[in-house]
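Input: a single structure, listed below in structure tokens.
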């Protein structure tokens, strides 16, 4: 009977470890999904800033050109 109890305990321990592994995998998947979503948002924000920087650069170059024409 002691051997049966030991096998049941071993099985319960294995079951517990498997459940913890499943919970960990589930949590890691959720974290990965959240990280991918945040990455997408940051990528969009970066592209918007690059576009804005390009527009500002163009406006500054135009102003500098206008200033240069005043000096001539």
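The values are calculated or read from the model by the stated rules, or taken from the named source; none is laboratory data. Just so we're clear, the structure is a prediction, and the values are computed from it rather than from any experiment. Reconstructed Cβ throughout: ideal geometry from the backbone, glycine too, with neighbour counts over all protein chains shown.
A compact table of results
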read-out: Among the residues listed as 11, 24, 70, the single one being exposed (fewer than 10 other Cβ atoms within 10 Å of the Cβ) and not in a loop (DSSP other than H, G, I, E, B); value: 70
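Quick grid of which residues meet (1) at pLDDT below 95; (2) more than 16 Å from the chain's Cα centre (by Cα); (3) on the phi > 0 side of the Ramachandran plot:
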residue: 29; (1), (2), (3): no, no, no
residue: 39; (1), (2), (3): no, no, no
residue: 46; (1), (2), (3): no, no, no
residue: 63; (1), (2), (3): no, yes, no
residue: 70; (1), (2), (3): yes, yes, no
